[in-house]
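Some notes on the structure that comes next.
The values are calculated or read from the model by the stated rules, or taken from the named source; none is laboratory data. Remember, predicted model here, so these are calculated numbers, not experimental data. Backbone-built Cβ (ideal geometry, glycine too); neighbour counts: all protein chains shown.
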Amino acid sequence: MSDTLPILDSADAPHIATNETIINIDDLSFSYDLGKTNTLRNISLEIPKGKVTAFIGPSGCGKSTLLRCLNRMNDLVDTAKVTTGKINILGQDINASDVDAIELRKHVGMVFQKYNPFPKSIYENVAYGLRVQGIKNKSILDQAVEESLQKSALWSEVKDRLNDSALGLSGGQQQRLCIARTIAVKPQIVLMDEPCSALDPIATARIEELIAELQQEFTIVIVTHNMQQATRVSDRTAFFYLGELIEYADTQVIFGNPSKKQTEDYVSGRFG
Amino acid sequence: MAKHFQRKGQRLLGLDKQSWIKGFFGSNAGLSIVVLFLICLFLMIEAFRFFPAHHELLKVNRQSGQEFVDHIIDEADGYQEFVSYTNQAYFAEYDERFEKERGIKDSWGALLGEIEDNGEDQIEVLEEARDGDDPAVLEKAEAEWKAFLAELTSEVDRAEIDSFNRLEEYPEAWNDLLKSALTYDPIEEETPAFVADAIKTQEEGMKSFTEAKTEITASGRALKDLRAKLVKITAQIAEDVELDKSAADRKAAILEGAKVLEGEAREAALAEAEKIVIRDEFPYAERVKPLSESKENHEKAAAELREKLTTGIAKLPTKFQSDKAAELVAKIRNGREPYLKNLDRSVQKASEWQFDEKVGFLQSIAKFFFGSKWVTNSSWTEVYGLGPLFTGSIMISLIALFVAVPLSIGAAIYVNRLATRREQTLIKPSIEMIQAIPSIVLGFFGIMVLGEVLQDLSQRPFLSWIPGFPIQDRLNALNAGLLLGLMAVPTIFTLCEDALNNVPRAFSEASLALGASKLQTVIRVVVPSAISGILAAVLLGLGRVIGETMVVLLVAGNRIAMPAWGDGVSIITQPTHTMTGIIAQEMPEVGAGTLHYRALFLVGLVLFSISLMINVGAQKIIKRLGHAS
Ligand SMILES: Nc1ncnc2c1ncn2[C@@H]1O[C@H](COP(=O)(O)OP(=O)(O)O)[C@@H](O)[C@H]1O
Ligand SMILES: [Mg+2]
């Protein structure tokens, strides 16, 4: 892939950023019906470590599907199947028979489109991922909860009511809580599936700020249908159409000088 | 001007089509509400009329002295239980320790009978010969007798003589017995020393036990006699009261009949009518005098019972060879204290009895709800106490829930969260299919299969540590509870599954994405979120179980008694009766309007109220907790 626009790279240079590839998708085809029809077709793409990569494309083109392949959430669908290709994350084929999806998800966290905190207290929401790993030590949990809430810019708002139900928070706060919950487990990669689509513009702006912050520590893959958002938060952008990867390049290239006609039509708002 | 908005179509009785359709559906809904209302009303009217009638019964019981005698009957029944346990323990120990001696004694008796039956002719001949003075005849008769004995002893079959097979393991004793029989003299009728020894050994061995047994048996004799005497008097009073009630009617009937009679027959009828006295009030005071006067006797008899029972029990041996005897004697020893306490209380109450004391109306209510007896098939009394039926219903329901709740919740979790599509399509309909089994079939299965299997299983020695094992009665609360549990599974399962289904997928997805396993997700997120629905499901399962009739009627064993709480957990293997069962069983036999009939209606009303409370409770839970999450 071309690295034609160095301006952005130098401006937002992530501390952990290197040219290292953290996710390597190679000729991936994926089917929801045991291979009868492929929802994703022959997708190859390398996601760099320490950067924000955006998936864009019209609704139904398979962005979420691809994202959910990355932490094997599609395992929940009985008839789901990777028909060709491989996904390597941190150098390991995640669909190999010796890979434990549970272990994988500890390294690849996910934030969902609709904020979905558990009907538990704020504290328990953040501590959940650690608790299921068997961590009971109160001081470790306390520390992790505070740190994660700090990082997700929620600490000052909730520190006095950690034991209140998470469902009492505003939508934006709930989504930030979901982010805190995800990073509490200390994943290397955070997947975000349209994390702002249910939020108002102010709450959206705060999440976008947060993404910029988190980028220093995590590799982020974000699905969005909001093109401005993609330009604001991402370093690299992949455009999908009907289950195929049309174009993948630096964000500036995709939005300023795309090489494919379909990409240009889409980013200029002519369809989708 | 043209009318744009004119209503079209025919009108019938001033109503158009739409109104008619609306009316049709509305009236269907209305009808069911009216029917429900009428049923409730009928149930309540019939049920509440129980209390005045019950009050009347209690009043008559007091006036006729039945209340007094009931105390004595209870006391004597309790005593009888001690006697029965003592006897059982005695013979258990006897058999264990003196099997051989008892075998010798009993077999000797049986053998003698055999000899006397078959040798009748020979004995007669021998007797005549001995009386006569012809030595040749005598010699021949003696020889014939010997030959008879020899033949008999060689032919006799041990299993027939020794009918309890006590000598099976003592062949030499049996041989000795036959040998002594060879020299038996039917005229002297002397018991052989060998047999006499055996008798003596056992008598001596059981001496202290025999003494204790005699004393215990004798302790309540005076009380028993008193009971017999008083029961007779009271029964007569009760009969006369009944006669008195119908006196006016009977007299009128006879006089009416006399009108068509002539001459002597007419005279006789009139005379008979004359004999019937119509009284305003039954002379209770005079009639119950013998009862009042027995109070002192009663106290004395009770005191004697207390003393002799105590000394008798103290004399019981402390070491046993038979485990059964040891167990029974322990039961006797443990039972003494509570029994004597009850005895004192009962004697005091009996002494306080006054035939003309007022019976409070509240008592007729309390006695129904808290009474521990339900007696309807005795000519002596009627007692309506909900206690045994209520505890029976609750006990069976709890057993059922104990089985059904883990089973159905487990199945619901599996199907809803862990199973594959194919498993789901297999398991769900199968569980729901349980509902299609007619309860009569389940009951039949309970009697013929489950009861047998449980009883067989309970007799295995390696399971004897389970309380209540071995099971005495094939039909019991456990058996019924297990079947009801099975019946409750579809209800609880379906509702649970719904509740789990209503937990947003987003919760479990979030949990899984955080690295939780499926099981952790279920336990930590899904179940807590569905807990209100699950609780409601359990409650509705309880409602299903408590109202079930056919299975409990067939399988619960239908013994109307409070559980013997002293037996601990093993009460679940005792037969019991239920509120639903009693209605089904007794309703067909009662006369409309009788006290018994009303009592059954009242039981029905209690059941109805319980179901109502359970349903309302379930709805409350769903509302309350449902909003919280
Ligand atoms: N669980 C599923 N089972 C079957 N088909 C699915 C499932 N999820 C998504 N699809 C289908 O896969 C296609 C891609 O969906 P998705 O990845 O959600 O698109 P996007 O996120 O780009 O809008 C759509 O046609 C959708 O109907
Ligand atoms: Mg999507």
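Pairs needed: first member in the range A:173-194, without any contact (Cβ under 8 Å) to a residue 40 or more places away in the chain; second member anywhere, away from ligand 2 (no atom under 16 Å from the Cβ) and among the polar types (S, T, N, Q); C-beta distance under 8 Å; at least 6 residues apart or different chains.
That search, which allows pairs on different chains as well, returns A:ARG176/A:SER152.
Can you tell me how many residues within the range A:65-124 are within 16 Å of ligand 2 (Cβ to nearest atom) and of a type in the set (A, V, I, L, M)?
Total satisfying the criteria: 9.
Using the structure shown, decide if B:VAL241 is within 35 Å of the chain's Cα centre (by Cα), among the β-branched types (Val, Ile, Thr) and modelled with pLDDT under 85.
Spelling it out, B:VAL241 is indeed within 35 Å of the chain's Cα centre (by Cα), among the β-branched types (Val, Ile, Thr) and modelled with pLDDT under 85.
On the given criteria, is A:LEU141 touching a residue at least 60 places away in the same chain (Cβ under 8 Å), over 30 Å from A:VAL267 (Cα atoms) and away from ligand 2 (no atom under 16 Å from the Cβ)?
When the stated conditions are applied, A:LEU141 does not pass them.
Going by the structure shown, is B:VAL527 within 14 Å of chain A (Cβ to nearest Cβ) and either basic (Lys, Arg) or closer than 22 Å to B:VAL403 by Cα (or both)?
So B:VAL527 passes the test.
Taking A:PRO258 as meeting all but one of (1) buried (at least 20 other Cβ atoms within 10 Å of the Cβ); (2) within 23 Å of A:LEU40 (Cβ to Cβ); (3) in contact (Cβ under 8 Å) with a residue 60 or more places away in the chain, write down the number of the exception.
Failing condition for A:PRO258: (3).
Output yes when any residue across the range A:132-149 is under 18 Å from the mean Cα position of the chain (by Cα) and more than 30 Å from A:PRO48 (Cβ to Cβ), and no when none is.
no
Counting only residues that are out of contact with any Pro (no Cβ under 7 Å at 6 or more places or on another chain) and more than 23 Å from B:PHE50 (Cβ to Cβ), how many does the range B:577-629 have?
15
Residues A:ALA205, A:ALA249, A:ALA238, A:ALA184: which one is within 16 Å of ligand 1 (Cβ to nearest atom) and aliphatic (A, V, I, L, M)?
Testing whether each residue is within 16 Å of ligand 1 (Cβ to nearest atom) and aliphatic (A, V, I, L, M) leaves just A:ALA238.
Going through the range A:100-121 one residue at a time, which ones are among the β-branched types (Val, Ile, Thr) and out of contact with any strand residue (DSSP E or B) (no Cβ under 7 Å at 6 or more places or on another chain)?
The one that is among the β-branched types (Val, Ile, Thr) and out of contact with any strand residue (DSSP E or B) (no Cβ under 7 Å at 6 or more places or on another chain): A:ILE102.
Rundown of residues vs (1) surrounded by fewer than 14 Cβ atoms within 10 Å (Cβ to Cβ); (2) more than 14 Å from chain A (Cβ to nearest Cβ); (3) of a type in the set (A, V, I, L, M, F, W, C), yes/no style:
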{"residue": "B:VAL405", "(1), (2), (3)": "no, yes, yes"}
{"residue": "B:ALA419", "(1), (2), (3)": "no, no, yes"}
{"residue": "B:ILE427", "(1), (2), (3)": "no, yes, yes"}
{"residue": "B:GLY446", "(1), (2), (3)": "no, yes, no"}
{"residue": "B:LEU486", "(1), (2), (3)": "no, yes, yes"}
{"residue": "B:ARG505", "(1), (2), (3)": "yes, no, no"}
{"residue": "B:ALA510", "(1), (2), (3)": "no, no, yes"}
